[in-house]
Amino acid sequence: MCGTPRPATLIAVTTTTSPAASAVGLTKVYGSGDSRVAALDDVTVDFAAGRFTAIMGPSGSGKSTLMHCVAGLDEPTSGRVWLGDVELSALADDDLTALRRDRVGFVFQAFNLLPTLTAWENITLPLDLAGKRTDQRLADTIVRAVGLGDRLHHRPSQLSGGQQQRVACARAMVTGPDVVFADEPTGALDSRASADLLGLLRRGVDELGQTVVMVTHEPAAAAYADRVLFLADGRLVDALDAPTADRVLDRMKSLERVS
Amino acid sequence: MVRDLRAHRGRLAMTLAAIVLGVAFVVSTWVMSDSTARGVGDTDLRSDVDVVVRSPERGAVLAPADLDRLAELPGVTDADGVLAGRAALVGADGKLVPGPHDRAGTGWDDTGRFALTEGHAPGGPDEVAVHTDTGLSTGDTARVVLGDGREVRATVVGTFTFRTLGLERAPTLAWDADTALALFGRYDRIELTGHDIDVPAEDGWRVDTGAALNDEVRADAEASARSTKESLLAFAAVALLVGGFVIANTFTMLVTQRVRQFALLRAVGATRRQVRRAVLGEAAVLGIAGATIGTALGVGLGLGAVALSQDDATFAVSPLAILAGYAVGVGVTVVAAYGSARRAAAVAPVAALRTDALVPPRRRIRVGLGIALLLAGTAMVAATAGADLDTTSRVVGLAGGVVAWLGVLVLAPELAGVLRPVVRVLGRFGGPAVRLGGRNAVRDPRRTAATSSALLVGLALVCAFATLGETMVSMFGSTVRATVPESTTVLRSASGDEPLATDVLDRVRDTPGVTEAAADRYGFVEVTHAGVTSGTTVSAIEPDAFGTVLNQEVTVGTGDLDAGFVVGSNQAAMLGVGLGDEVTLDFGEETVTRPIVGLHTTTEAQPLFYLDVAAAPEWYRERVTSVYATGPDPAAARAALDAAFADRPDVRVFDREGLIEADMGEFEAVLAVMYAMFGAAVVIAVFGVVNTLALSVLERRREVGVLRAVGASRRLVRRTVRLESLVICGWGGIAGIMVGVLFGAIMQHVMLGRPLFDITVPYQVIGVSLAGMVGVGVLAAVWPARRAAHTDVLSAIASE
Ligand SMILES: Nc1ncnc2c1ncn2[C@@H]1O[C@H](COP(=O)(O)OP(=O)(O)O)[C@@H](O)[C@H]1O
Ligand SMILES: [Mg+2]
């Protein structure tokens, strides 16, 4: 993908001004009575299209919950969510499933892949599920970026953790989704593999015009993003554009002092 | 460990079901046969008869003069002659009243045998009383065909129930004593009451006390209940064997899931023995639970069946039945779990620290053993593949089949490897559901094999017996076609295997258009050669039947029945006799010793010995079982015979194909019962499939979660599980059918003495089995697929 000219069609996406995903007054409450936990408390947020957004915050601050709700994996207690121009709360399970398949990509912390499928089959699984033919050019670009070489037709158990996460990343991008969501994708990787993976996400944004939302607790990872959102106790408390690892760390320290 | 069991409750339910079904089968069989035996023992037998004098089995008769003489004996206070003769009762609708005809007619007396339920006792040649079971009532006209073909009519004036003495069947109808004596002319037995009666030994009379005869009834009932029990227990054993596979498989899976736990136990100092005991303890608990439910269910089923089948049911639940239930339930479970227990104990403590901890495999021994069994079995079958087997080689051949079958079962996990390429091809052409489901099925070939082994055993048995049965059916058919020319018309008794009325042969001969007629007197006798005796079948026929109304190709020697026996070559091989050797047939009181003059290549559907009727004992000559007839215009002869016997519901007139059909109907009913019995095993196997699928789905919760997150619909998840199920069932089904047909080939070879691969493939049963396996595959997947489809995506992904 390095040095490849951007496909013209993808440039159009990056120039769109409307957000790729957004939430208004998003609230998620678990339990009731004494055990009541508000994982999200009236969160309103836009994720700009063609940008790489990182979500940070202490453990239990609601980062995963926010991501799950915006991605249509979880149902909010109240508030509204849009993916592109589709409002999620109006959708039934089958439509949500189709939406996840066609317009959303996921990378989880680990165990993203189906062990019986080869790396290549895992990458093309969403297309397969939709009964679509693989767009060979996009696939080639992604595969080259993933850099698996001849391991492409191996099973996940024969790949390293970093390779597995890159395969998951390629799978998330292969359908050309509206948004790729990644929940601590580097959480189980060493720094070298982390850098590879984050580079891959970054190039997806820069070169394919993809929108990426990533949850992380590592300032170094957040530094790959265009913008960092800070969550605490289920509320959006701060935002930082053009972050560097140091600035992120400073901001986190100050937030901890406040709370 | 017991707490562990409770944690796996859902998963163990299916295993429990397998144990319960097996145990229930055993216990209900036991209860049923005990109750039947007791029920017969409790029936109201006549105990007021002191001595019974009967004529010898065949031949001489007891005449009225004998009755007078016996009545004069010292100590005799009362002497009654009991009359009995062949009588075919025809109902008002012109149809035969079902049931045997032999000894169905008798004379009314006041010995207490009869209990009137309606009307009055018969009192003259125009009146009869009938048994309540006949369905006739007073006022009806009874039409009766006697043993010599005479027809009599009488009005039903009473109905009765009957009390038996010794092993006798209740008669169908009774005239008054004088009429009956006139009709039958002889007594069947003479009953004496009195004190210290001493009957002189005379004319081969058989003299017994009434008590002894009644004891015989009880002994006979017990023996028949025992033999029923034994054959049912054989089916139960198959069900248990299949259950054993299910249990073994469950424990393998449970142990695999808990490797780390066992490793931890070992790391903190548990000995291998303790780990093994812990697993066996679980098995015992499960076995006791299964046995308890199964025994209760079995007692219930058994008693229910007894209550349904007998009017005056006697319930008997022996402690032995309950003991057997527990022994079998606990025994099978513990034995089936033993392998898993050993493997659990073999887990190294270090496995606790490794993420890729595996249960140590025992593969090489298994493969070696499997190949050895398969080769040994094949060799045994090959060694006995020739024609004209003696008894030893038949046993060796059958044992070879069983050994090879065991080999296949032992090798099944390796053989399931052939599924890999199949699944690969399927995956290339099918959608994602096919690819995922198929690959999940071959992910652990051992597990797939173990699951489908249960199906394999059940289906293989069905297919083996279907092959045997279908081969027999076509053999019967082709035998009849080979021996009975198309032009021949055949007459048989309408009451099954009983002989025809004695007038039939003469009437056939006198029928216009019939020029050739011969009779067959078929029966079971004992054959003795060189001091060795065994059972065989004989057909006494007129020598000129060959070549006219019957064909019988003689391969060695001549078909000259005047000079001696013509014997089936199989039979000759089993007896170790050849042309010119003398053999003796024992007909009871009389024996016939003749040389063998010819051999015919038979199937065992044919009589093994052909004998000139002139050389048969006189009483045997009258026992005509079939009459064969033809004429210059066979169609005209048949039409004439149809017309001649139109008024004789006790005689059935067949053409060749009709004869084949009538014989096969009964046989296929027997086969159907057998399929139903093996069906129990298949049901247990299905529980095993459900169990495996449920466990697989549970283990793959996270995968299902990822699949759903990535955009797989619930439907696709369901289809994936269903496909996995279909692959497992398909494998079990196809392997079962192949093993079954091969084993069926061996069975028909050793049992019928036919060439090994000259079989009729039971396409119908195979088709039904395949369709059934697809149905089972879909059905077994319903519940696991639902669970998988409703996996909560978020919690599945969060769990590790
Ligand atoms: N399924 C659940 N049931 C109850 N509480 C939950 C559930 N999932 C998350 N929570 C709670 O919601 C809060 C936010 O969780 P999460 O979004 O996972 O935080 P983060 O990803 O930032 O660590 C936490 O307090 C957590 O305990
Ligand atoms: Mg989280």
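Using a 7 Å offset from the Cα along the Cα-to-Cβ direction at both B:His120 and B:Asp220, what is the distance between the two label points in nm, to one decimal? If labels sit at B:His120 and B:Asp220, their model points lie 3.5 nm apart. Every Cα-Cα pair of chain A was included, and the share exceeding 36 Å stands at 11 percent.
Summing +1 for each Lys or Arg and -1 for each Asp or Glu, what net charge is found among the other residues whose Cβ lies under 10 Å from the Cβ of B:Ala545? Present the calculation step by step, with values, prior to reporting the outcome.
Values: positive: none; negative: B:Glu516, B:Asp520, B:Glu542, B:Asp544.
Combined, the nearby Lys, Arg, Asp and Glu give -4.
Listed peptides B:444-455, B:368-379 appear in the order B:444-455, B:368-379 once ranked by packing, highest mean of other Cβ atoms within 10 Å at the front.
Compute log10 of I(q)/I(0) for chain B with the Debye formula, placing one identical point scatterer on every Cα and leaving out solvent, at q = 0.07, 0.10 Å⁻¹, to two decimals. Log-scaled intensity ratios, in q order: -0.71, -1.15. Note on the protein assembly as shown: with charges restricted to the Cβ of Lys and Arg (+1) and Asp and Glu (-1), its dipole about the Cα centre is near 9700 debye.
Modelled this way, with points 7 Å down the Cα-to-C-beta line, the labels at A:Ala188 and A:Val86 are 2.8 nm from one another. Taking chain A as a Gaussian network of alpha-carbon nodes connected by springs under 10 Å, the highest mean-square fluctuation of the residues A:Val179, A:Val104, A:Val237 belongs to A:Val237. Computed over protein heavy atoms with a 1.4 angstrom probe, the accessible surface ordering of B:Met32, B:Met747, largest first, is B:Met32, B:Met747. The accessible area of A:Met252, taken with all protein chains in place and a 1.4 Å probe, comes to roughly 40 Å². The simple Förster model, with R0 at 22 Å and r as the Cβ-Cβ distance, assigns B:Leu167 and B:Asp44 a FRET efficiency of 0.90. Accessible surface for segment B:51-196, divided over its residues, is 43 Å² per residue with a 1.4 Å probe. Shielding by partners for peptide A:62-68, expressed as the average number of C-beta atoms from other protein chains within 10 Å of each residue's C-beta, is 1.
For segment B:51-196, a crude dipole built from +1 on the beta carbon of Lys and Arg and -1 on the beta carbon of Asp and Glu, taken about the Cα centre, is about 540 debye to the nearest 20. How much net charge surrounds B:Gly744 when only the other residues with a Cβ under 15 Å from the Cβ of B:Gly744 are counted, with Lys and Arg +1 and Asp and Glu -1? Net charge in that neighbourhood comes out at -1.
How crowded by other chains is B:713-719, given as the mean number of beta carbons from other chains within 10 Å of each beta carbon?
On the way: counts 7, 3, 2, 2, 0, 0, 0.
Neighbouring Cβ atoms belonging to other protein chains average 2 per residue here.
Report the calculated FRET efficiency for B:Arg69 and B:Met751 (r = Cβ-Cβ distance, R0 = 45 Å), to the nearest 0.05.
Values: r = 52 Å, r/R0 = 1.15.
About 0.30, to the nearest 0.05.
Put the Cα centre of segment B:157-214 next to the Cα centre of segment B:576-647 and the gap is 33 Å. Three principal axis extents of segment B:609-741 based on alpha-carbon atoms, in descending order, are 87, 34, 25 Å. Sorted largest first by accessible area at a 1.4 angstrom probe radius, with every protein chain in place, the residues A:Glu75, B:Glu191, B:Glu498, B:Glu622 fall in the order A:Glu75, B:Glu622, B:Glu498, B:Glu191. Potential lengthening of the chain between B:Leu264 and B:Ser231 amounts to 7.1 nm, from the contour at 0.36 nm per residue minus the alpha-carbon distance.
Each peptide in B:233-246, A:146-159 gets a packing score, the mean of other Cβ atoms within 10 Å over its residues, and the list from highest to lowest is B:233-246, A:146-159.
Ranking of A:Arg36, B:Arg206 by solvent-accessible surface, largest first: A:Arg36, B:Arg206 (1.4 Å probe, protein heavy atoms only, all chains present). Quick check: at a probe of 1.4 Å, how many percent of the accessible area of segment B:71-169 sits on carbon and sulfur atoms? After summing per-atom areas, the C and S share lands at 47 percent.
In the complete set of protein chains, residue-level accessible area for B:Lys229 is approximately 40 Å², probe 1.4 angstrom.
Near B:Pro171, once Lys and Arg are set to +1 and Asp and Glu to -1 for all other residues with Cβ below 12 Å from its Cβ, the sum equals 0.
Contact order for chain B, expressed relative to its length and based on alpha carbon pairs under 8 Å spaced 6+ residues apart, stands at 16 percent. Sequence-distant contacts, meaning Cα pairs under 8 Å at least 6 residues apart, place the relative contact order of segment A:12-258 at 26 percent.
Apply the a/c threshold of 1.5 to the C-alpha gyration tensor of segment B:51-196 and tell me whether it is rounded, prolate or oblate. Mind dumping the intermediate values first?
Working: a/c = 2.06, a/b = 1.67, b/c = 1.23.
Cα axes put segment B:51-196 in the prolate bin.
With 0.36 nm allotted per residue and the present C-alpha distance subtracted, the B:Ala92-B:Arg277 stretch has 59.3 nm of extension available.
What's the angle, to the nearest 10 degrees (0 to 90), between helix B:319-345's Cα axis and the longest principal axis of chain B? In chain B, helix B:319-345 runs at an angle near 30 degrees to the longest axis. With the simple model of a label 7 Å out from the Cα in the direction of the Cβ, B:Ala201 to B:Leu779 spans 6.4 nm.
With a 1.4 Å probe on protein heavy atoms only, work out how much accessible surface A and B bury together, total over both chains, in Å² to the nearest 100.
Values: alone 12440 and 35140 Å², together 45480 Å².
Rounded to the nearest hundred, the buried surface is 2100 Å².
Calculated on C-alpha atoms, the gyration radius of the protein assembly as shown divided by its Kirkwood radius gives an Rg/Rh of 1.15.
Summarise the partner chain shielding of B:700-708 as one whole number: the mean count of Cβ atoms from other chains within 10 Å of each residue's Cβ. Walk me through the numbers before you get to the answer.
On the way: counts 3, 0, 5, 5, 1, 3, 10, 3, 5.
The shielding value for this peptide is 4.
Specify, per residue and in Å³, the volume enclosed by the convex hull of the alpha carbon atoms belonging to segment B:487-654. Let's see the in-between values first.
Values: hull volume 17.8 nm³, N = 168.
Each residue corresponds to 106 Å³ of Cα convex hull volume.
Sequence-distant contacts, meaning Cα pairs under 8 Å at least 6 residues apart, place the relative contact order of segment B:487-654 at 38 percent. Burial of accessible area (probe 1.4 Å, heavy atoms of protein chains only) in segment B:413-450, relative to its chain alone, reaches at least 20 Å² for B:Pro432, B:Arg435, B:Leu436, B:Arg439, B:Arg443. Determine the shape class of segment B:430-567: with a ≥ b ≥ c the square roots of the Cα gyration tensor eigenvalues, call it rounded for a/c under 1.5, and otherwise prolate if a/b is greater than b/c, oblate otherwise. Prolate, since a/c reaches 1.5 and a/b exceeds b/c.
For B:Leu415, the accessible surface of its heavy atoms amounts to roughly 70 Å² (probe 1.4 Å, protein chains only, rounded to the nearest 10).
The values are calculated or read from the model by the stated rules, or taken from the named source; none is laboratory data. Please read these numbers as outputs of a predicted model, since none were measured by experiment. Methodologically, a virtual Cβ is constructed for each residue, glycine included, from the backbone with ideal geometry; neighbour enumeration extends over all protein chains shown. Quick note on the areas: whole protein, heavy atoms, side chains included, nothing else; ligands and nucleic acids left out. Shrake-Rupley method; radii C 1.70, N 1.55, O 1.52, S 1.80 Å.
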